[in-house]
1. Looking at region 170-185, is at least one residue in contact with a strand residue (DSSP E or B) (Cβ under 7 Å, 6 or more places away or on another chain) and exposed (fewer than 13 other Cβ atoms within 10 Å of the Cβ)?
2. Can you find, within region 95-106, the residue that is farthest from ligand 1 (Cβ to nearest atom) among those that are modelled with pLDDT under 75 and in a loop (DSSP other than H, G, I, E, B)?
3. Hey, can you tell me all the residues within region 118-144 that are modelled with pLDDT of 95 or more and of a type in the set (Ser, Thr, Tyr)?
4. Just give me the residues in region 68-77 being outside any loop (DSSP other than H, G, I, E, B) and either within 16 Å of ligand 3 (Cβ to nearest atom) or of a type in the set (Gly, Ala, Ser) (or both), in sequence order.
5. Is it the case that some residue within region 75-94 is modelled with pLDDT under 95 and of a type outside the set (D, E, K, R)?
6. Can you find a residue in region 11-25 that is part of a helix (DSSP H, G or I), modelled with pLDDT under 95, within 30 Å of Lys96 (Cβ to Cβ) and away from ligand 1 (no atom under 13 Å from the Cβ)?
7. So which of Gly86, Gly80 is within 16 Å of ligand 3 (Cβ to nearest atom), without any contact (Cβ under 8 Å) to a residue 12 or more places away in the chain and over 24 Å from Thr174 (Cβ atoms)?
8. Would you say Leu158 is within 16 Å of ligand 3 (Cβ to nearest atom) and modelled with pLDDT under 95?
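The values are calculated or read from the model by the stated rules, or taken from the named source; none is laboratory data. Computed from a prediction, not measured in an experiment: that's the story for all the values here. Cβ: placed from backbone, ideal geometry, glycine included. Neighbour counts: every protein chain shown.
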Amino acid sequence: MVNKNILSRSLLLLLLLLTSILFLSGSRNFGAQLCTKGDLDGDGITEEYKLTNHVLTVKEGSQEIWKSSSDYYIDSFALGDINNDGEVNLVVSLWKKGSFGEMKPFWHTGKDNDYKNHLFVYQLKENTFRHVWCSSNLDHPILSFDIKDNNGDGRNELVVEEGQYKKIVGEKYTANPNGTKRTVIWQWEEWGFCLQKIL
Ligand SMILES: [Ca+2]
Ligand SMILES: [Ca+2]
Ligand SMILES: [Ca+2]
């Protein structure tokens with residue numbers, strides 16, 4: 001009887017210990033983290049792309065060649081030739097305030113303060129990331145995206161699972177976890193993306 005009690009207590013302690021270990025390791029991984037490698041400038045030296053706490057850093061060898069702006073909250077990124085010019089791009093889904101920033105066109109007289117989701121496409125040349133395309137506020141926030149040849153025509157498309165915005169406070173929005181979702185296919189045309197299909 002005594003042995004049984006000791007055994008069940010030991011099992012309980014072991015269970016508590018395992019739960020604590022799982023909880024602690026889960027806590028350490030809190031926040032989005034993603035790491036991948038590529039050679040976008042084709043110089044033969046691989047770059048490392050690392051997303052830590054919504055900040056993206058790019059290292060080539062031991063040198064940090066790029067870090068995302070502190071004004072950006074980066075959700076996710078992917079490497080792929082999204083504009084089908086033969087060179088791999090960096091494609092980023094990020095949250096920031098305003099559609100235009102310092103580039104606000106003179107004909108846009110309304111307020112530009114909404115904090116919403118954007119898609120940016122970059123190209124790496126001579127250790128500098130140049131904008132290929134920067135969206136204004138997206139109509140629907142991106143929940144996840146993938147770059148692939150979805151229809152088998154030899155050109156890549158952007159496959160996006162998009163959702164709905166939810167207002168947090170004032171002009172600040174987030175993705176609504178309970179909003180309706182849909183998958184859409186965007187095809188790169190000469191000057192930007194065109195909606196190809198809603199799945
Ligand atoms: Ca390189
Ligand atoms: Ca490209
Ligand atoms: Ca295709």
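1. no
2. Phe106
3. Passing the criteria: Tyr122, Ser144.
4. Ser76
5. Looking for residues that are modelled with pLDDT under 95 and of a type outside the set (D, E, K, R), one finds none in region 75-94, hence no.
6. No; the residues of region 11-25 include none that is part of a helix (DSSP H, G or I), modelled with pLDDT under 95, within 30 Å of Lys96 (Cβ to Cβ) and away from ligand 1 (no atom under 13 Å from the Cβ).
7. Only one candidate qualifies: Gly86.
8. It is false that Leu158 is within 16 Å of ligand 3 (Cβ to nearest atom) and modelled with pLDDT under 95.
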